Structures are given as structure tokens and as C-alpha cells.
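Trainee: This structure is in C-alpha cells; I'll ask about it shortly.
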Amino acid sequence: MSIAHMLNHMPKLFSRSSFLAGKKHTPAQVFALILLCLLALTGAASVAPAADQQAATGKVAKCFDGDTLKLTDRRTVRLAGIDAPEMDHGKRKPQYYAREAMDQLTHLAQGKEVRLVSVDPKGKDHYGRIVADVILPDGHSLSDTMVRNGAAFVYPHSELNSHFQERLRKLQHEAIAARRGMWAHILTLPAAKKTYLGNRESMRFFPTDCAEVQHIKPRNRVFFGTLMDAFMAGYAPARPCNFWPDAK
């Protein structure tokens, strides 16, 4: 029996009373039911993207730091693929260039209508924040702009779109070479001349004298002769043994 034939004769193949009575059905009937369910699911899925697209816009209400913002509908968005120096959230002093990064993001985005472009299949991070490439009305990406200006560094993740991450890495190379933003100071610190060990699996790097490096499997270890080497390779600083200075 063909699929088209089964669909055309669906009412004859099944009846509510036969199912309630526990009547046995032929393999063709069972297959037709499964097919009908799959078609129904496909139809529902085709409607979902339209709803997602409607929700993938918003107006920026405020910026918390150089990589996180809140929309007027109270959604919190993390700029995909980047990290900026940490602001003071009541625990310690802000990190060097944190205020400048927050001010820059505020100037770029606050009060503007933005588009949220998905580059991460999960869609959210473990804090429940939306992870997206945020696009300004003029078509520019906030992640691109912050990295290009030396206000944030690349923060790789295996789940992120590979082309998107490669684009950010190239922009970071340009910013470092031109010593834009934070790079003008960070790469002159004593920490810039130290050696570092990267984890090939997580794409994070540690000072070689950090105890945490003992947990990196030998096959995943990548040696960097300087701080710039680690950043140029697209690795990001790990949280333990963080060398980043506080704001002046």
C-alpha cells in the first residue's frame, strides 16, 4: 500500500471505536498512524521559526558591563563569543578597562532596537541569559565592534558557529596589532612577558605557574611563550589564577 493511498484512506484505516475496543491493526495501519504523527510534528515545527523571529528583536534598556545588556522586555542578553573585563558587582574592584568597555557598549547600544542572531544552538548560557550576536540598526555586530575596538577579547566555545568565531579572531588580531583599547596597556604589563599553558579542549589558558595546569591532560596542553601569543591563538584567560589587573 503506497503512502499516498494510506493518507487518502486514513478515515477508513482507523476509527475511534476500533481503538477504544482494543482491536488489532495491520502493520500498514500502524505505519500510517506513525506517518500521520510525523507529519503533524513537522507542521508544528515549521510554525516555530516565525515565532522565534518575532522574539529575536528588542530595545536595549541598559548595559551591565562590556558584554551583557538588558532589553526593555527584561530579557538579559550575553554578547556571543566575547568577554570583557569584569565590573564591580559588590565583591571587588572593577578590572582594568571594565568601565571603559561598559561605557562603550552603552554608547553603542542603549536605547536602540537590535536584532538577536543565533550563533549558539543552546540559545542560552547556564545563567539563563540569551546568547546571541546582537546586531545594531546600521547592521554592525556588537561583538565585532567591541573586539575590533579592543574593548573585549574573544571567548571561544565549541558550540558557537565556527565562521562567527573565526571572524572575531581576525578582528582581535587587528586590534592587538594596532594596540587598540585595553591592549595598549595589557601587553606592556609584566604578565605579558610570562609564559602560559593553554587547554586545547576548553580553549582557555593559565599562567604556567598556576596549580590548575596540573589538571590539563598532556595531549591538550599548548605552550605559549607570551601573553600575546595566547590571545593571538584565540584562547581566553581562565578564571583561576587570573592575571588581569584591577582598575586604577
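The values are calculated or read from the model by the stated rules, or taken from the named source; none is laboratory data. These figures come from a predicted structure and were not determined experimentally. Reconstructed Cβ throughout: ideal geometry from the backbone, glycine too, with neighbour counts over all protein chains shown. Heads up: the accessible areas ignore ligands, DNA and RNA and are worked out on the full protein's heavy atoms, side chains in. Shrake-Rupley method; radii C 1.70, N 1.55, O 1.52, S 1.80 Å.
Trainee: Under a 5 Å amide H to amide H cut-off, with H placed in plane at 1.01 Å, what residues pair with residue 58 once short-range neighbours are removed?
Mentor: 114
Trainee: While we're on this one: What distance in nm separates the simple spin-label points at residue 59 and residue 179, each placed 7 Å from Cα in the Cβ direction?
Mentor: 4.3
Trainee: Give me, ordered by chain and number, the residues 5 or more places off residue 155 or on other chains with an amide H under 5 Å from its own placed amide H.
Mentor: Excluding prolines and chain starts, which carry no amide H, the hits are 82, 83.
Trainee: Let's test this: bin the Cα-Cα distances of the range 135-196 at 10 Å from zero up to the farthest pair and state each bin's percent.
Mentor: P(r) for the range 135-196, in whole percents per bin: 22, 44, 28, 5, 0.
Trainee: With r defined as the distance between the Cβ atoms of residue 191 and residue 70 and R0 fixed at 41 Å, what FRET efficiency is calculated, to the nearest 0.05?
Mentor: Working: r = 33 Å, r/R0 = 0.79.
Efficiency computed from Cβ-Cβ geometry: 0.80.
Trainee: Kirkwood hydrodynamic radius for the range 83-154: how many Å is it when counted over pairs of different Cα atoms?
Mentor: Numbers: mean 1/r = 0.0750 Å⁻¹.
Taking every pair of different Cα atoms in the range 83-154, averaging 1/r and inverting gives 13.3 Å.
Trainee: Now for a separate question. Determine which aspartates and glutamates satisfy two conditions relative to residue 59: a Cα distance under 12 Å, and not lying fewer than 8 residues away in the same chain.
Mentor: Qualifying aspartates and glutamates at Cα under 12 Å: 73, 113.
Trainee: Taking H as built 1.01 Å from N, whose amide H comes closer than 5 Å to the amide H of residue 242, not counting residues under 5 places away?
Mentor: Under 5 Å from the amide H of residue 242: no residue qualifies.
Trainee: Mind checking which aspartates and glutamates have their C-alpha under 12 Å from residue 93, skipping anything on the same chain fewer than 8 residues away?
Mentor: 246
Trainee: Just to compare against my own numbers: the Cα pair-distance distribution for the range 167-225, 5 Å bins, whole % per bin, please.
Mentor: 4, 17, 20, 21, 19, 14, 5
Trainee: Hey, another quick one. Mark the label point 7 Å from the Cα of residue 93 along Cα→Cβ and return the residues of the range 224-248 whose backbone N is within less than 17 Å of it.
Mentor: 242-248
Trainee: Next question, about the same structure. For a quick protection proxy, order the peptides 75-82, 230-237 by their average other-Cβ count within 10 Å, most packed first.
Mentor: Working: 75-82: 23.1, 230-237: 20.2.
Result, highest mean Cβ count within 10 Å first: 75-82, 230-237.
Trainee: What accessible surface, in Å², does a 1.4 Å probe find on residue 168, ignoring ligands, DNA and RNA and rounding to the nearest 10?
Mentor: Residue 168 exposes around 0 Å² with every protein chain in place.
Trainee: Heavy atoms only, probe 1.4 Å: what % of the accessible area of the range 50-145 goes to carbon and sulfur, would you let me know? Present the calculation step by step, with values, prior to reporting the outcome.
Mentor: Working: 2480 of 5000 Å².
C and S atoms contribute 50 percent here.
Trainee: Next question, about the same structure. What are the aspartates and glutamates whose alpha-carbon lies under 18 Å from the alpha-carbon of residue 170, with same-chain residues fewer than 8 places away excluded?
Mentor: 83, 133, 144, 229
Trainee: Please compute the per residue accessible area over the range 58-152 with all protein chains in place, 1.4 Å probe, rounded to a whole number of Å².
Mentor: Working: 4510 Å² over 95 residues.
Per-residue value: 47 Å².
Trainee: Could I ask something else about it? Using a Förster radius of 30 Å, what is the FRET efficiency between residue 246 and residue 221 based on their Cβ-Cβ separation? Nearest 0.05, please.
Mentor: Working: r = 29 Å, r/R0 = 0.98.
The formula returns an efficiency of 0.55 here.
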